[in-house]
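Q: Sending over a structure as structure tokens; questions will come in a sec.
Where a number appears in this text, it was derived from the coordinates with a stated rule and is not lab data. Nothing here was measured: the structure is a model prediction, and the numbers come from that model. Using ideal geometry, Cβ is built from the backbone for each residue, glycine included, and neighbour counts are taken over all protein chains shown.
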Amino acid sequence: MFRKTLIGHVIKGAKTLRKGKMRPAAPEIKIRDEHTVSRKDIDSDALKVLYRLSRHGYIAYLVGGGVRDLLLGRRPKDFDVSTDAHPRAIKKLFRNCFLIGRRFRLAHIRFGQKVIETSTFRAEPVPMDPGEDLYEDRNNTFGTPDQDAHRRDFTVNGLFYDIKTFHVIDFVGGLADLDARRIRSIGDPRIRFREDPVRMLRAVRFASRLDFTIEKGTYAAIRELHSEIRKAAPPRMLEDIGKLFGFGASEAAFRLLLKTGMFADMFPELVELMDDKRNDVEEMWACLAALDKRLKKEVDGPLAIKLVMLLYAPFQWVQAKRRAVGRPVDQTEIAESLIGPLAVRFNVPKRVVHDVVHMLMCQHRLDEPRRRFSKRRFVMQPSFAGAFLAYQMASECGMIKSPQIDFWLERCQENEISPPKSLEGLVPSAARAPRGRVKGRSQGHPRRRSRGGRGRRGRRTPNAEAPKHD
């Protein structure tokens, strides 16, 4: 059944070509001796998926960022597979396969905690009137490898590796852009960014992470359509914001966001503080640079500590401004005023918000340990580890004039607590629940289920009379 459907799409594509609506693509092919992709660098479970699909007569390609990173000599974070097999056919081949998605089914093939995402080739979206709202794209139909390549976001992500012939196949000019270290949109960038505004964030992320430049036409489209980013779904925005911090490239990424205009659309409150001449904007970049030094040595860290380093300098600016005019400084209120708008705009989980607020609140205690408070209880708080790491990074970039790091290391030693040494070792906010109540609902503990019966006042004692019934 699927073969008939796929043949139908190929015939439809051929008719479209005869009408002149779609440019035929002559792929550039690099044979095994002409590229650096090796099977020994590909994840063993991804190879299992590729080989099994190929043995059963299906086309099986390694696609996307995995091929790009292998050609650049980098270790890919994920390995994605594309095939002409229908999702249900994939599920029949793999017992550990789970189908997800509504508009277009994706196969998630699980190997323990690892997931190899396997998709069926999709058709290229039909060109639409540039004046229409293209954000909702409903053209999710099966297609050919050529169409699937043209549907992707950037040319460097449109490369395929054929497990059967060991060839690298390029339908979109990605090899040339990879050699030129350039991020270029596939198709008209103005249409592609209006179809999915998150692609603009991805362009910034790839350019900063790979140290590439953004192609002239693509960059001009981002500058023109940067306000479209407000239409993106908050969960996707939050996910991509977290990825901007990855691989030690957050400073370059957020500088490029500011340059393209998207930073003002995403963080207008921070831009207002940055425009104040009394605030040194370089302090914020220095905090992100200190975070980058840590992330280059480690795999990753929780989202809360990343947001803390983004807000660290603005947090200090607001305090300094209030002290200058004689207003009381409430660290809790200031921290909530900074993370609150972001939480609403991007649907930041409450536990992440809780962690950010507590880490920022702890900074004045870390900086002024001579105040009267229980040092033992303070170092045993769940938020101390993240707060202390943020304090160390702020000290490294010069934000703290007289750091008290040795003092707190001694307190940890006295209380037999291992001081935090890496972001990777922090306990994620989802793994522990903060105590307290927010808006009348318990965050830290699940509500106890009622077992029925009487309350304490109505409880019968052994000597009490049994109730009489009429």
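Q: Report the net charge of residues surrounding CYS287, where surrounding means a beta-carbon distance below 12 angstrom and charges are Lys +1, Arg +1, Asp -1, Glu -1.
A: On the way: positive: LYS293, ARG294, LYS306; negative: GLU251, ASP280, GLU282, GLU283, ASP292, GLU396.
Net charge around CYS287: -3.
Q: Give the order of PHE98, PHE193, PHE166 when sorted by the count of other beta carbons within 10 angstrom, beginning with the fewest.
A: Lowest to highest Cβ neighbour count: PHE98, PHE166, PHE193.
Q: Which of rounded, prolate or oblate describes segment 303-432 when judged by the alpha-carbon gyration tensor and an a/c cut-off of 1.5? Don't jump to the answer; show the numbers that get you there.
A: Working: a/c = 1.75, a/b = 1.15, b/c = 1.52.
Oblate, since a/c reaches 1.5 and b/c is not below a/b.
Q: I need the P(r) histogram for segment 185-263: all alpha carbon pairs, bin width 5 Å from 0 out to the longest distance, whole percents.
A: Using 5 Å bins, I get a P(r) of 3, 17, 30, 27, 18, 5, 0 for segment 185-263.
Q: Also, quick follow-up: As a footprinting exposure proxy, order ILE42, ILE334 by other Cβ within 10 Å, with the fewest listed first.
A: ILE42, ILE334
Q: Under 13 Å from the Cβ of LEU310, count the other residues' Cβ atoms, weight Lys and Arg +1, Asp and Glu -1, and hand me the total.
A: -2
Q: Determine how many Å³ per residue the convex hull of the Cα atoms of segment 152-299 encloses.
A: Residue-normalised Cα hull volume stands at 134 Å³.
Q: Before anything else, pin down the relative contact order of segment 204-353: Cα pairs under 8 Å, at least 6 apart, normalised by residue count, whole percent.
A: 25
Q: Taking the number of other C-beta atoms within 10 Å as the exposure measure, put THR332, THR260 in order starting with the fewest.
A: THR332, THR260
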